[in-house]
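The values are calculated or read from the model by the stated rules, or taken from the named source; none is laboratory data. Small disclaimer: the values here were computed from a predicted structure and weren't measured. Note that each Cβ is placed from the backbone with ideal geometry, even for glycine, and that neighbours are counted across all protein chains shown.
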Amino acid sequence: MVNERSVFGWRGSGRGLGLPPHMAMRLQILGSGSAGNCALLQTEGARVLIDAGFSWRKLNELLRAAGTRMEEIDAVFLTHEHGDHAAGVDGFKKHPRAEIYANASTARAVQAKAGREATWRIFETGTTFRFRDLEVTSFSVPHDAQEPVGFRFAHGHADDLFAPRRSLAWLTDLGHAPGHVHRHLRESDVVVVESNHCPKLLEADHRRPWSTKQRISGRHGHLSNSAACELLEATAHAGWRRVFLTHLSRDCNSLAAVEQSFAPLRARLGTACAFEVVAPGGGTAAWEW
Ligand SMILES: [Zn+2]
Ligand SMILES: [Zn+2]
């Protein structure tokens, strides 16, 4: 499943990203929302994408704007097969060096729509494996896809002065949050969580048929602002450094509605934890910790 050579071969490879000491991970959300999702995660030894939900051309543009190139991407970690997360995978046949990590059901669903075979690396949902200097854990989430997952990425060790433990929970596209999802948020210091819709704006939306609204708000749809907020309230801890609220619906949510929902939690967490709301279609600057 995992290429052992690449797992252990990164040290001394000389391609260091020049991350300042004690900053082990760098995250930049390149795009977020129903039009496409993709983030760039970098450590000293790995440069990976979380999802690739844009056209190949757009992905290349986003990466260039982030100061890197597609040829430098080592791997892509896919949450599920929906187009807004996996549309760009087909383009990776041009860069077979980049390994595409997914569970078997997701890989099958993506490959069925793709042309030439990508370089798949199949993991079992619920397992932890290493990719170079990253420890990657996948966990199941309830969403209307084949076998959707969230991820926790960790780097370093608690007692290592030069590479202290850093971790990121990645959680989009889920209708509700079962107990095991809570655990991953509690064990991370940066969390990315979807805050998809405001129920009132969804209800008032005239462009979506009733059945679509039911799907979005259902147990296998997307988290509303209040559901995301309840999840974060239940899992918040003093170690959180930053919360990114993502995958906002352009039509059925607003920055103001999100701000309002999360205001009490922000006040409770204080200045130790920053909140960043990612506008639909937008991204973030690179952030290191
Ligand atoms: Zn989805
Ligand atoms: Zn999505």
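Checking each residue of region 188-205 against the condition of being at pLDDT 95 or above, assigned to a loop (DSSP other than H, G, I, E, B) and within 18 Å of S140 (Cβ to Cβ) gives at least one match. Every test in (1) within 16 Å of ligand 1 (Cβ to nearest atom); (2) at pLDDT below 95 is passed by H80 save one, and that test is (2). Annotation note: of A75, A98, A65, the sole residue that is under 22 Å from V192 (Cβ atoms), touching an Asp or Glu at 6+ places or on another chain (Cβ under 6 Å) and away from ligand 1 (no atom under 16 Å from the Cβ) is A75. Entry remark, region 138-176: residues being touching a helix residue (DSSP H, G or I) at 6+ places or on another chain (Cβ under 7 Å) and either more than 16 Å from ligand 2 (Cβ to nearest atom) or aromatic (F, W, Y) (or both) number 3 in total.
The set of residues in region 177-198 being within 16 Å of ligand 2 (Cβ to nearest atom) and more than 17 Å from the chain's Cα centre (by Cα) consists of H197 alone.
The set of residues in region 163-187 being assigned to a helix (DSSP H, G or I) and either modelled with pLDDT under 95 or over 25 Å from G53 (Cα atoms) (or both) consists of G179, H180, H182, R183, R186. Taken over region 67-105, residues that are more than 18 Å from the chain's Cα centre (by Cα) and of a type in the set (S, T, Y) amount to 2.
Summed over region 241-257, the residues that are closer than 22 Å to A286 by Cβ and assigned to a helix (DSSP H, G or I) give a count of 1. Take region 206-236 and flag every residue that is loosely packed, with under 13 Cβ neighbours inside 10 Å and at pLDDT below 95. Passing the criteria: H206, R207, P209, W210, S211, Q214, R219.
Would it be correct to say that A145 is touching an Asp or Glu at 6+ places or on another chain (Cβ under 7 Å), modelled with pLDDT of 95 or more, surrounded by 17 or more Cβ atoms within 10 Å (Cβ to Cβ) and under 20 Å from V76 (Cβ atoms)? Answer is yes for this residue.
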